[in-house]
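Student: There's a structure below that I have some questions on.
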Amino acid sequence: MHDRIRSHRAPRCRLLFPVCLGVAVFLGAACSAPSSESDATMQSFEVPGLTEAATISVDRWGVPHIRANSEADLFFAQGFNAARDRLWQLDLWKRRGEGLLSEAFGPAFLSKDRAARLLLYRGDMYTEWLSYGAGTKRIVSSFAAGINAFIDLSEQQPDLLPPEFEELGYRPSRWTPESVVRIRSSGLVRNAASEARRARAMAVFGPEVLDVRDVLLPEHRAEVPEGLDLSVFAEDVLENYRLGTGAVDFEQLLRVARAGEPEDLTSRLASAELMRAEEVWQGSNNWAISPARSATGRPILADDPHRTVAVPSLRYLVHLTAPGLDVIGAGEPALPGISIGHNGTVAFGLTVFSIDQEDLYVYRTRDDGAYRYGDAWERPTVVRELVPVRGSDPEEIELRFTRHGPLLWQDDSGQAAVALRAAWLEPGMAPYLPGLELMRARDWQQFVDALDRWGAPSENQAYADVDGNIGWKPAGRWPVRPNWDGLLPVPGDGRYEWQGYRDMDALPFELNPERGFVATANENNLPEGFPLIAGYEWAADFRATRIREVLAESPAHSLSDSVVLQNDVVSLPARRILSALCGPALPADTPLCEWDGALDADSSNATLFETWLRSTLGPALLRRAAATAEIADALVSPDVRLTVRWVEEPVEAFGGTEAEAGQALAALARETLSSARQQLVERFGEDPENWAWGKVHRARLVHPLLERLGNRAAVPEVPRGGSGETVGNTVYRGASYDQLGGATFRMVLDVGEWDNSLANNSPGQSGVPGSEHYADLIEPWSRGEAFPLLYSQDRVDEATTLRIELRPVADP
């Protein structure tokens, strides 16, 4: 079967190769002579808080290039510009994180506000600021002042305010430096939810459920800690965790806007519907290629982080230039600096590295709220706060904290409680903020030294520099658990305590490996035999294996090759399942057996395979492998890694001899494939043309106020190839096939010839409906295209379409 499936298949994306640029770009970067900066639209604002003038040059793809004569003015201008392009997103981020949604939307959000306040950093601010690199407090203060300056300006010029505020009838809130660092729940949280779900599953179904539920690496079986009562874990144990870490429910806001005028908000909202947690797709790809394997003779660094697809996108591209600093790349709009990009000397990009940074503690409690610790009873710290509520008096809430962290849950009898211990609630753990120090590194040693301060989220960092070096180093706050595996909650009586954190030198690294590249994709990439366990819950290695397969076959890898690889839609589960079944179980002339395994948008075989894999084959194998039908019904569909394993090793699922298991698998494969085909006929008709993957697998980004804002808020619906197991990650869930997560931001850097670098950020750089950069990148993104990420001042000036001058207030 392998000879019928290509080893390196590019997605059918549209790439142009203009001679003037020599790289893969889309039509926005045509070869016609660019207009000079003098042709750009000009804007000028007098802004209190600046010491000298600063400029923001926005290029034709919406990337702002910010120049200032001091770092203080530079980060002030970055904050101002972030508010210019993303103010509604910023305000929702701040209100959600600080527990101030009720102030804007009414009492239906009180439960969510209370949960968010449980998860704020509440430690000493002096220690907090000292935990970051030098100057962090000054930088964050300047950034927050810049956001506030734009908000103040919008009071004088209301047309600057994004339309969502008028439609919902409220105003943006002002920022403080503490707003940026105290909000921790916006980062990628770790495994508290999986601990609770695993405990609940074992309580209901027994330890047998783990046989068909968990794929742990290195191979391991979760062990119940001595003294843990699994029956504690009712369905609502993590309700506050889910509320506190979840996004604002945009779908509910859409229903609010449809219901009536803003003053009707509080009476129209149902509390339960506002509590839906955000589903975060914790994935990413990155790689760095040495000059010896690069078509350019220079290193190439590529990075594409994967998160929920949304409008606006999570990431924001920006170029920051001041004396001693010239960095470009992406960060999150609510944070100063960047966390992915380059500084003219060093390039860096990240993917999740799954250190287990969370634990749930279960307490025995008394009626008066005290909890047992050691031989004594301790009382939780009680904090009472007033939450402002739109249309009502402020509401007093009570928050409780134990020695381990926020108290998330207490049972109705008052005899048990659960608290969260999270590394990200310790000083210096504001997500991505250590990127401020990382972006100053000028060589490998400075880069590794900067990672000593990197706390959350834990990441694989890829590295490349202008001297031709490439490398990989994971980093993140790593708790030491001396007597348990971290996969289940533990009693909070003192028997299970972290013993500090491991030094980052305990994690491995690679510098200039002989193979000529480094690559990561959230898999368990610790070296075989590595003596320490960072965690057991890793992504499947399908993406990582495919990336390494392609890079190993590319002795002269180009920038456009990396763009193509970022959009690669070859499914390794398809390749392995069909290799095992075509011939023994499925006739060679079965259409899937003649298919190349690529989930192209125009492929009907892709739709058939994905439906078969997730809707019929996987669930049927799960029913055979599970100890009881109840377990299979509860899990619905297995991890794809288990489906592949059961196909390749059918005895594990069917029992008996190899011959008997093979025959049973063959019959089941034919039956489930026929069932999948029938599902498609019933839904889409007999003609396979109507089953094309891109016709059913779509990216549908809907602004929550679309009906109120009209076409200016509309984002084109686009076809997608791939799946959650392909390098071009387009994860979906359920029968709708709609893409839920994946790479909205992509970057490929030509290290040393920086103007050749490429990027995309879907659906657009701006979050303001009606802006020309609100959704201008989604269609090129859907086709796998990229635009030039310009760096030199001459090239930036040539591509500038909007020039904003920020001037300090003149003396009276």
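The values are calculated or read from the model by the stated rules, or taken from the named source; none is laboratory data. Keep in mind the model is a prediction, meaning the values are calculated, not measured. Quick reminder, even Gly has a Cβ in these numbers, built from the backbone with ideal geometry, and neighbours come from all protein chains shown. Accessible surface areas use protein heavy atoms only, side chains included; no ligands, DNA or RNA. Shrake-Rupley method; radii C 1.70, N 1.55, O 1.52, S 1.80 Å.
Student: Sort R708, R641 from largest to smallest accessible area, using a 1.4 Å probe on the heavy atoms of the protein chains. Could you put the intermediate results ahead of the total?
Tutor: Values: R708 70, R641 50 Å².
Descending order: R708, R641.
Student: Taking Cα centroids, how far is region 165-198 from region 131-145 in Å?
Tutor: Using only Cα atoms to place each centre, the spacing works out to 19 Å.
Student: Over the chain, average the accessible area per residue using a 1.4 Å probe and give it in Å², no decimals.
Tutor: Accessible area per residue, the chain: 37 Å².
Student: Still on this structure: I'd like the distance separating the alpha-carbon centroids of region 748-769 and region 479-553, in whole Å.
Tutor: 30 Å
Student: In whole Hz, what ³J(HN,Hα) sequence does region 352-362 give by Karplus (6.51, -1.76, 1.60; θ = phi - 60°), x for Gly and Pro?
Tutor: Once rounded to whole Hz, the list reads 5, 10, 7, 5, 7, 10, 9, 9, 9, 10, 9.
Student: By a straight-distance test (C-alpha under 28 Å), which lysines pair with K473 as possible cross-link partners, with residues fewer than eight away in the same chain excluded?
Tutor: K137
Student: Beta carbons within 10 angstrom, averaged per residue: use that to sort the peptides 655-664, 476-485, highest first.
Tutor: Numbers: 655-664: 13.6, 476-485: 17.1.
Final packing ranking: 476-485, 655-664.
Student: Which GluC sites (Glu not before Pro) does region 712-807 hold that lie in a coil by DSSP with at most 14 other beta carbons within 10 Å? Walk me through the numbers on the way to the answer.
Tutor: Numbers: sites: E717, E725, E753, E772, E785, E798, E805; in loops: E717, E725, E753, E772, E785.
In loop regions of region 712-807 (DSSP not H, G, I, E or B), the sparsely surrounded GluC sites (Glu not before Pro) are E717.
Student: Count charges around S284 for me, please; just the other residues with Cβ under 12 Å from its Cβ, Lys/Arg as +1, Asp/Glu as -1. Walk me through the intermediate numbers first.
Tutor: Details: positive: R307, R315, R543, R746; negative: D303, D304, E459, E523.
Net charge around S284: 0.
Student: So what is the relative contact order of the chain, in percent, for Cα pairs below 8 Å that sit 6 or more residues apart? Walk me through the numbers before you get to the answer.
Tutor: Values: 1821 pairs, mean separation 175.6, N = 812.
Over the chain, the number comes to 22 percent.
Student: Which distance in Å, rounded to a whole number, links the C-alpha centroids of region 318-370 and region 233-247?
Tutor: Computed from Cα coordinates, the inter-centre distance equals 23 Å.
Student: Once the principal axes of the Cα atoms of region 518-652 are found, what is the range along each, listed largest first in whole angstroms?
Tutor: 50, 46, 24
Student: Mind listing which trypsin sites (Lys or Arg not before Pro) in region 29-136 are in a DSSP loop and have 16 or fewer other Cβ atoms within 10 Å? Walk me through the numbers before you get to the answer.
Tutor: On the way: sites: R60, R67, R84, R86, K94, R95, R96, K112, R114, R117, R122; in loops: R60, R122.
Qualifying residues, ordered by number: R122.
Student: Over its Cα atoms, what ratio of radius of gyration to 2.2 N^0.38 Å does the chain give?
Tutor: Details: Rg = 26.5 Å, N = 812, 2.2 N^0.38 = 28.1 Å.
This ratio for the chain stands at 0.95.
Student: Of the accessible area of the chain, with the probe set at 1.4 angstrom, what percent is carbon plus sulfur?
Tutor: Reported share for carbon and sulfur atoms: 47 percent.
Student: Next up: Let me check against my output: what whole-number percent is the relative contact order of region 723-789, with C-alpha pairs under 8 Å and at least 6 apart?
Tutor: Values: 102 pairs, mean separation 15.0, N = 67.
Computed value for region 723-789: 22 percent relative contact order.
Student: Out of residues 5 or more away from N285 or on other chains, whose amide H comes under 5 Å of its own, with H placed 1.01 Å from N in the peptide plane?
Tutor: Residues meeting the amide H criterion: D304, H306.
Student: Here's a follow-up. Quick check: net charge around V751, other residues with Cβ under 9 Å of its Cβ, Lys/Arg +1 and Asp/Glu -1? Spell out each step's value before the answer.
Tutor: Details: positive: R298; negative: D465, D750, E753.
My count for the surroundings of V751 gives -2.
Student: What net charge do the residues around V644 carry, taking every other residue with its C-beta under 12 Å from that of V644, with Lys and Arg at +1 and Asp and Glu at -1? Mind dumping the intermediate values first?
Tutor: Working: positive: R575, R576, R641, R645; negative: D541, D639, E648, E649, E652, E725.
Summing Lys and Arg as +1 and Asp and Glu as -1 gives -2.
Student: Now for a different question. Region 489-546: which chymotrypsin sites (Phe, Trp or Tyr not before Pro) are DSSP loop and have at most 15 other beta-carbon atoms within 10 angstrom? Walk me through the numbers before you get to the answer.
Tutor: Numbers: sites: Y496, W498, Y501, F509, F517, Y536, W538, F542; in loops: Y496, W498, F509, Y536, W538.
Listed in order of number, the matching sites are W498.
Student: Next question, about the same structure. When the helix-only estimate is applied to the chain (DSSP H runs of n ≥ 4, each -39,500 (n - 2.57), divided by the residue count), what is the mean residue ellipticity at 222 nm, nearest 500 deg cm²/dmol?
Tutor: Values: 26 runs with 240 residues, N = 812.
Computed mean residue ellipticity for the chain: -8500 deg cm²/dmol.
Student: How high is the relative contact order of region 414-457, in percent, with contacts defined as C-alpha pairs under 8 Å that are six or more residues apart? Spell out each step's value before the answer.
Tutor: On the way: 30 pairs, mean separation 19.4, N = 44.
This gives 44 percent for region 414-457.
Student: Let me ask something else about it. To make sure I understand the rule: partners must be lysines, Cα under 24 Å from the Cα of K112, and not fewer than 8 residues away in the same chain. Which ones qualify?
Tutor: K94
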